[in-house]
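The values are calculated or read from the model by the stated rules, or taken from the named source; none is laboratory data. Small disclaimer: the values here were computed from a predicted structure and weren't measured. All Cβ positions, even for glycine, are placed from backbone atoms using ideal geometry, and neighbour counts span all protein chains on display.
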Amino acid sequence: MSEASTAQSSITEMNFADLYERFATDVLRVCYFYLGDRQKAEDVCQDVFVKLISTQPELKAGSEKAWLLKVALNRCKDLWRGAWFKRVVLGSPAFELVPAPDDFERLADEEQMMSAVNQLPPDFKEIVLLHYYQGYGISEISEMLSLPEGTISSRLSRSRKRLEKILKGDDAR
């Protein structure tokens, strides 16, 4: 199946299987980083792909991952806002669910970083995850979240400052 044939086409069974194979790990990883809970991340990932097959959106070739991540982040936000979820203590070890290929020595640093990322407010956390862990640029994130580029840039800058304070253990600077 060629990329040209998937441009602006509805999701077929073959397209769905291909999209799941290519992007399920990314969706799952973003959900896990956002929620800090393996089971909830798996549930959200499943919800995202159920929505994909049930709504049959018209997706342009190359924008499939962005659509999937946007739906995943929206679902994560819904869970985050729920009163029952606010009782969950976040901060599970990073990459426990889906380990990325890392050097063994870096694992502790990454766990510390993800613990710090989990301490960020949800609006900051999603920007950090999309930019640093999924590799999206400011304009792409702006389009995905329907926010001005300046807002994305500002949140990214503030996130870096907060992460620096968290990692250094500084409360005031």
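Across the stretch 41-50, what is the total count of residues that are buried (at least 19 other Cβ atoms within 10 Å of the Cβ) and either among the small types (Gly, Ala, Ser) or farther than 13 Å from Val71 by Cα (or both)?
Going through the stretch 41-50 one residue at a time, the tally reaches 1.
In the stretch 130-160, which residues are in a loop (DSSP other than H, G, I, E, B) and surrounded by fewer than 16 Cβ atoms within 10 Å (Cβ to Cβ)?
Passing the criteria: Gly135, Gly137, Ser146, Leu147, Pro148.
Looking at Leu35, Leu28, which is the one that is within 29 Å of Leu120 (Cβ to Cβ), modelled with pLDDT of 90 or more, crowded, with 20+ Cβ neighbours inside 10 Å and within 10 Å of the chain's Cα centre (by Cα)?
The unique qualifying residue is Leu28.
Could you list, in sequence order, the residues of the stretch 66-79 that are modelled with pLDDT under 85 and either farther than 15 Å from Ala41 by Cα or surrounded by fewer than 18 Cβ atoms within 10 Å (Cβ to Cβ) (or both)?
Keep residues of the stretch 66-79 that are modelled with pLDDT under 85, which gives 77-79.
Hits for the stretch 66-79 are Lys77, Asp78.
So which residues in the stretch 114-129 are outside any helix (DSSP H, G or I) and either under 22 Å from Lys60 (Cβ atoms) or touching a residue at least 24 places away in the same chain (Cβ under 8 Å) (or both), if there are any at all?
Once the filter is applied, which keeps residues that are outside any helix (DSSP H, G or I) and either under 22 Å from Lys60 (Cβ atoms) or touching a residue at least 24 places away in the same chain (Cβ under 8 Å) (or both), the stretch 114-129 yields Gln119, Leu120.
Among the residues of the stretch 9-25, how many are exposed (fewer than 14 other Cβ atoms within 10 Å of the Cβ) and at pLDDT 85 or above?
Total satisfying the criteria: 3.
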